[in-house]
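Heads up, the thing below is written out as structure tokens.
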Amino acid sequence: MTKKLIIKSNIIFFALHAFSTLLPAQNSIQQILNELAHEEQQLWKELERLKITKRMISLCQKARMHEYSTCRKEIENSATKKPLSQSLLELIKKVFKHYAVDIKSVAIIGYSDTKQVIIATDFQLFINEDEFLKFHPAAQEFLIAHEIQHIVHNDDSVRYFIYNQLSPTPEQMNDPEYIVNRFYRFQEKRADMLAAIHDPHYAQGNIKLLEPCQCQETSGISHPKESQRMAWAMDILKTVHQQPLVT
């Protein structure tokens with residue numbers, strides 16, 4: 001075999017190998033997307049039985065956006081502001097760029113309230129930098145990526161209008177099986193998964209975020225339990241990115 005043929009055969013071998021490793025990953029991503037779409041569809045079917053349709057919520061988002069925006073602006077105005085460092089602002093810009101989301105459409109707000117380390121509305125991103133920097137660097141990037149998914153899917157306004165249409169009681173909101181809570185948990189699951197499948201670095205960050213939380217799980221009412229979120233994260237790292245956990 002000539003040198004040219006050897007080189008050509010090696011190129012073909014490596015190309016086929018790359019394709020064979022890429023195909024299972026693409027299949028895994030599509031399976032995740034299909035499962036998320038099916039789960040969302042089933043939740044909307046349940047909401048329809050309560051006279052809440054996806055179209056109705058979409059119309060509310062258009063016709064009553066001023067109401068929603070005013071409500072969220074009031075939260076911004078009542079927050080104790082604290083300017084973010086330039087290094088954190090650069091990190092936020094980097095992650096937004098990685099997910100191809102226009103950061104100009106989002107108000108980045110530093111604040112010192114400790115109830116939430118980071119939280120997003122449809123057009124705002126609140127960050128408590130002092131608390132945020134306590135996380136592992138990879139976890140910090142994942143946190144931003146997770147909130148970006150909430151922004152992209154307008155999750156906060158969907159929650160706002162579903163909640164206002166149903167006006168649930170405190171007892172209902174304490175019930176993990178109540179449809180609103182199950183819808184909230186789906187939104188959190190989707191944000192986790194779509195952030196993690198995008199890049200192995202973010203999948204690693206997802207796990208780094210969850211590791212310290214395993215010893216004190218949340219109730220699993222409005223957010224999935226940490227053990228469940230960890231299982232999703234580990235599965236994505238293994239099946240989508242085909243990588244071991246970096247310790």
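Just so it is clear, none of the values below were taken in a lab; they were calculated from the coordinates. Small disclaimer: the values here were computed from a predicted structure and weren't measured. Reconstructed Cβ throughout: ideal geometry from the backbone, glycine too, with neighbour counts over all protein chains shown.
Shape call for the range 33-239 from the C-alpha gyration tensor, a ≥ b ≥ c root eigenvalues: rounded (a/c under 1.5), prolate (a/b greater than b/c) or oblate?
oblate
Given a 10 angstrom Cα cut-off, can you work out which residue in LEU194, LEU89, LEU36 is the most mobile in a GNM of the chain?
Comparing LEU194, LEU89, LEU36 in the GNM, the peak value goes to LEU89.
Just add up the charged neighbours of GLN187: K/R +1, D/E -1, any other residue whose Cβ is under 12 Å from the Cβ of GLN187.
Net local charge, GLN187 excluded: -2.
Multiply the residue gap between ASP130 and ARG55 by 0.36 nm, knock off their C-alpha separation, and tell me the result in nm, one decimal place.
Answer, rounded to one decimal: 23.0 nm.
In debye, nearest 20, what is the charge dipole magnitude of the range 133-199 about its Cα centre with +1 on Lys and Arg Cβ and -1 on Asp and Glu Cβ, if you could check?
20 debye
Round to the nearest 10 and give me the degree value, 0 to 90, for the angle of helix 137-152's Cα axis relative to the longest principal axis of the chain.
Helix 137-152 and the main axis of the chain meet at about 60 degrees.
222 nm [θ] for the chain, helices only, -39500 (n - 2.57) per DSSP H run of 4+, per residue, to 500?
Helix-only estimate at 222 nm: -21500 deg cm²/dmol.
Rank by packing, highest mean first: peptides 143-150, 225-232, with packing defined as the count of other Cβ atoms within 10 Å averaged across residues.
Highest-to-lowest ranking by the protection proxy: 143-150, 225-232.
Treating the angle as unsigned and between 0 and 90°, give the value, to the nearest 10°, between the Cα long axis of helix 65-78 and the longest Cα principal axis of the chain.
That works out to roughly 90 degrees.
Would you mind computing, in nm to one decimal, how far apart the modelled labels at GLN41 and VAL152 are, each placed 7 Å from Cα along Cα→Cβ?
About 2.1 nm separates the two model spin labels.
With +1 assigned to the C-beta of every Lys and Arg and -1 to the C-beta of every Asp and Glu, and no other charges, what is the dipole magnitude of the range 33-239 about the Cα centre in debye, to the nearest 20?
500 debye
Is the shape of the range 123-247 best called rounded, prolate or oblate, per the rule: a/c under 1.5 gives rounded, else a/b larger than b/c gives prolate, else oblate, with a ≥ b ≥ c the square roots of the Cα gyration tensor eigenvalues?
Judged from the Cα gyration tensor, the range 123-247 comes out prolate (a/c at least 1.5, a/b above b/c).
Would you mind checking the tilt of helix 54-63 against the longest principal axis of the Cα atoms of the chain, expressed as 0 to 90 degrees and rounded to 10?
In the chain, helix 54-63 runs at an angle near 70 degrees to the longest axis.
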